[in-house]
Structure formats: structure tokens, C-alpha cells
Amino acid sequence: MITSACKYLLIGAAIASTVVASAQAAEVRYFRFKNEAGSVVISPNLPPEYASKGYSIINSKGRVLEEVPPALTSQQLLEKREEEIRLLAAEGEKAQKRSSDAALMKLYSTIPDIERARERAIADIEDRIKLTNANIARQRKLREEKEATAATRERAGKPVPERILRDIASIDEEIERLMAEIDRRRQDQVFVGERFDRDTLRLKKLLGIVDDQGQLVERKAVESLRPEQLGGIWHSRDKLGNRYEWIINPKGSFSWVSKQIDGSQLMILGSWGVEKGVLVIDSEMRQISSPDGTTNHGPSDEQHLATVISITEDKFVVVTEEGEELRFLRNN
């Protein structure tokens, strides 16, 4: 039960709270601004002509309650909008670049992949040029035949039919068109080559092979690599679905089996060693099985080098002489 004293205390606290709230609500605010002469003016009212020039709202003790910046001029508004558009464009460019990088990595996982694609693209254009040249040769031969017919009639004192003259003119137009087509395809070769050069450089940056200045990044070999670390059965799979198995014997022998999605298979037997983190791989026998079941095998004396750049208990990564990065997982 609340005593009379407590009641008076509660009522007094409520009254005090109300008084404080009323005092805060009644707090006088002033506007601080500069007049045309540049002098600071403090006034309870803000003249309309100074509203766009910026001002401060302060209390009776001079504490700043709010800062209102000057209104932007038309030129400043224009520049601000231009900056906003530039920022939006930059963000859009970054997003497009991220999307382009993702597509590039999806298409090509290694540098040899994109180099082979470049060779195929340029070779395809070259094949088309050869076909066009063959067509030009046929047109020229046909023209010679038409000219021979016209010359025979002229020697016989007969007029050359208008049809033959039209045919010769038509052949000349076709030859000219085909020559222009070859010029366009030569330009296409240059364009394709430049595009692949840009994509190759970008892929090298994404793979960490070169830095932003295009300089080679040193891919350091694993120090103190021991043969027993590599002993075991390792497997890998590329993005096309081809599977690879590498059986490495710590005593120095190995077998390599690659199974392609088309049904063909390659098996290599040989020996290996380690020199300062670099695998020296000597193949001694190679066997190729085609999808139809036929097999070809024979001796091999190729040597390849692969730099081990990282290794753990369950996986290791090597970089080939061509710059291709291969990742292998231990087959548990």
C-alpha cells in the first residue's frame, strides 16, 4: 500500500518531469548566417533571401542543433548528376567485368585451352579463305572459257553474243566480290587474334600467372619436396568430363591413364624424380586405345617437367611447362 509520503514524492516527480519537458519544448532556437557584408548574424528569424545560402540552427547556449548547407547552383547540380552517372557507369562496368570474367573462366580453365581455341578460330577463317580462293580460281577459269568462245567467234567474223559479254561482266563482278570477302576475312583474323590476345592476358591475370602490369608472377616450387609425399593414387577430371589417374610409386616408377569422354584411352608408363620441387617425368611406353577398340602401343622417350606449387595430404597442384595448372586429389 502506497503511503501519503510516497504519493507526494510521485506527484512531485511527475510535475518536475512535465516542467523539464515543457522547458525543452519551449527551447528558443536561433538562425546563424552571414549577411551580404559577410558578417555573422544570429536572429530568431531567417530572411528568405538567405535561406539558399546555408545557415546553422543553434540554441540559446550557442550549441549547433542543425547545419543546412547552401543550395547547389545549376552548375553544381549538373556536376553532381554527372558524377552520379559516372559512378553508376563504373558500377555497371565492374558488374559486366565480373560477369565476363566468370564466362571466361567457364570457357577456359587453363592457358593451353584458350591457346588451342585461338588456333582453331584462326584456322577456321583460313580454311574459309582457301575455299574462297578456290572459288575465285574456278571463276577465272570460266572467264577464260567465255573469252575463248568470244575470240573464236571474232576470228570467224561473227559477232559476239550479248549473252557471253554479260556472262563475262557477271564473272568479273563475282571475282571482285570474292576478293573483297577475302579482305574481310583477313581483317577477321586480325580481330580474332587481338580478341584472343586480350582474353589470354585476362585469363593469365585471373589464374595468377601474370600481375596487373602483365609481368609474370613467380610460381614458386614447394621447398623440401619428398618423393614419399607424392606416392599414391591420384585422380583428376577436367571441365569436359575427361578423367585422369596418376599412380605414383615413391620408388620412382609411375603409370598414367586418361579416359576421354569419346571412349578413347591413353596409358603411359615411365619413371620420375624430383629436383628442387620440379617433377622430371620420363615416359617409356605409350598405349592408345581408340573408341572402336583398336590399340596402338610402342616405346616412348619423351621428358616433361612439372613444378609442384602446393601439396597436402589429400591433393597437390602442378604447373606444366606450357603454364597449364593441373590439380590432383588422392584416391582414398
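General observations
- Within the chain, longest stretch free of exposed GluC sites (Glu not before Pro) [DSSP loop, at most 11 other beta carbons within 10 Å]: 37-217
- Dividing the helix sum by the residues of the chain, where each DSSP H run of 4 or more adds -39500 (n - 2.57), gives a mean residue ellipticity at 222 nm of -16500 deg cm²/dmol.
- Karplus (6.51, -1.76, 1.60) ³J(HN,Hα), θ = phi - 60°, over the stretch 188-199, in Hz, Gly and Pro reported as x: 4, 4, 5, 4, 4, x, 5, 5, 5, 4, 5, 5
- For the stretch 149-254, averaging the sequence separation of C-alpha pairs within contact (under 8 Å, six or more residues apart) and dividing by the residue count gives a relative contact order of 11 percent.
- 0 to 90° range, to nearest 10: angle between helix 74-107 axis and the chain longest Cα axis: 40 degrees
- F31 - accessible surface, heavy atoms, 1.4 Å probe, Å² rounded to 10: 50 Å²
- Ranking of I261, I114, I175, I309 by solvent-accessible surface, largest first: I261, I309, I175, I114 (1.4 Å probe, protein heavy atoms only, all chains present).
- Farthest toward the positive end of the dipole of the chain, out of A150, L203, V28, is the Cα of V28, where the dipole comes from beta carbon charges about the Cα centre.
- Kirkwood Rh, Cα atoms: Rg over Rh of the stretch 155-290: 1.36
- Straight-distance candidates among the lysines for linking to K204, with alpha-carbon spacing under 21 Å and chain neighbours fewer than 8 residues away dropped: K94, K97, K106, K220, K239.
- Additional length obtainable on full extension of the chain from D292 to S310, 0.36 nm per residue less Cα span: 2.6 nm
- In Å², nearest 10: area of V317 left accessible to a 1.4 Å probe: 10 Å²
- Nearest-10 value in Å² for the accessible area of S74, using the 1.4 Å probe: 100 Å²
- In degrees, nearest ten, helix 111-155 long axis to first principal axis of the chain (Cα): 50 degrees
The values are calculated or read from the model by the stated rules, or taken from the named source; none is laboratory data. Nothing here was measured: the structure is a model prediction, and the numbers come from that model. We place every Cβ from the backbone using ideal geometry, glycine too, and count neighbours over all the protein chains shown. For the accessible areas, the whole protein counts, side chains as well, though only heavy atoms, and no ligand, DNA or RNA atoms are used. Shrake-Rupley method; radii C 1.70, N 1.55, O 1.52, S 1.80 Å.
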